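Novice: Take this structure first; my questions come after.
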């Protein structure tokens, strides 16, 4: 798998871009003297250049420092709920696909109910109910994603269960828990990895959309979507305020999409390099 990864140029480039962004977002702020929350009205709306590479916003805050802080928060908000959604979806999908009958009917009904609601509308209801906070955004994104993941995992589990070695293990009286841990999960691992990377862009866009609408992350916290929201009134006068977070969102979404597609090809046993 590692060899195939480095033979795939798309995977290498997208992985490198994501790694660089993670490094810059989480490590670079410790080497910077600029505080993303520090206000200096004498620098209000100063253009890019000099000490302030990306300029300052309407309150005199350094845009580069806020961009790094916003990227860090957006990545955290996207990574945690995506991982949680994959875990919940995997558990539900495995239980439904492996045990079948009543359990499968209930889990299928439950996931169908969650998927019947428009994702963004459901997220907005959750945000209005619990308020704009990190926890609220996390819950909203999990509810938006786990249903589709559960359905995919269920279908893959049903396919794996039909293999003869699974049927032989059941005939020998091997416990279902042992079969799931030793046979089902290892075969599901490539699917779960691909699902995680392909759902990351959705999480980033969902968080950015909620924050842009003003119901996501709230000041004084900062995220990429919130930065775009706060600069929309100055879009034509000071376009750089909205340009930097918008470009970062675009780069992250494209990198994760390309990485997910590349991993799907690499982990497909029918693909040859």
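Novice: Quick test for you: out of 179, 166, 215, 152, pick the one residue that is surrounded by fewer than 23 Cβ atoms within 10 Å (Cβ to Cβ) and under 23 Å from residue 130 (Cβ atoms).
Specialist: Exactly one of 179, 166, 215, 152 is surrounded by fewer than 23 Cβ atoms within 10 Å (Cβ to Cβ) and under 23 Å from residue 130 (Cβ atoms), namely 215.
Novice: Let me ask something additional. So residue 202 clears everything in (1) buried (at least 23 other Cβ atoms within 10 Å of the Cβ); (2) under 30 Å from residue 110 (Cα atoms); (3) at pLDDT below 90 except one condition, right? Which one?
Specialist: Of (1) buried (at least 23 other Cβ atoms within 10 Å of the Cβ); (2) under 30 Å from residue 110 (Cα atoms); (3) at pLDDT below 90, only one is false for residue 202: (1).
Here's the yes/no breakdown for (1) touching a helix residue (DSSP H, G or I) at 6+ places or on another chain (Cβ under 8 Å); (2) in contact (Cβ under 8 Å) with a residue 12 or more places away in the chain; (3) more than 30 Å from residue 216 (Cα to Cα):
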| position | (1), (2), (3) |
| --- | --- |
| 39 | no, yes, no |
| 61 | no, yes, no |
| 66 | yes, yes, no |
| 93 | yes, yes, no |
| 109 | no, no, no |
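Novice: What are the pairs with Cβ atoms under 7 angstrom where one residue, in the range 247-267, is in contact (Cβ under 8 Å) with a residue 24 or more places away in the chain and at positive phi and the other, located anywhere, is crowded, with 16+ Cβ neighbours inside 10 Å and assigned to a helix (DSSP H, G or I)? Sequence gap at least six, or different chains.
Specialist: Once the first residue is in contact (Cβ under 8 Å) with a residue 24 or more places away in the chain and at positive phi and sits in the range 247-267, no partner that is crowded, with 16+ Cβ neighbours inside 10 Å and assigned to a helix (DSSP H, G or I) comes close enough.
Novice: Counting just the residues of the range 7-35 that are surrounded by 11 or more Cβ atoms within 10 Å (Cβ to Cβ), at pLDDT below 80 and out of contact with any strand residue (DSSP E or B) (no Cβ under 7 Å at 6 or more places or on another chain), which one comes out nearest to residue 66 (Cα to Cα)?
Specialist: 35
Novice: Tell me which helices (runs of 4 or more DSSP H) are completely within the range 106-223 and hold 2 or more residues being within 30 Å of residue 250 (Cβ to Cβ), or say none if there are none.
Specialist: It comes to 119-130, 134-161, 185-212.
The values are calculated or read from the model by the stated rules, or taken from the named source; none is laboratory data. On a predicted model such as this, the values are computed, not experimentally measured, just so you know. For neighbour counting, all protein chains shown are included, and Cβ atoms are generated from backbone atoms with ideal geometry for every residue, glycine included.
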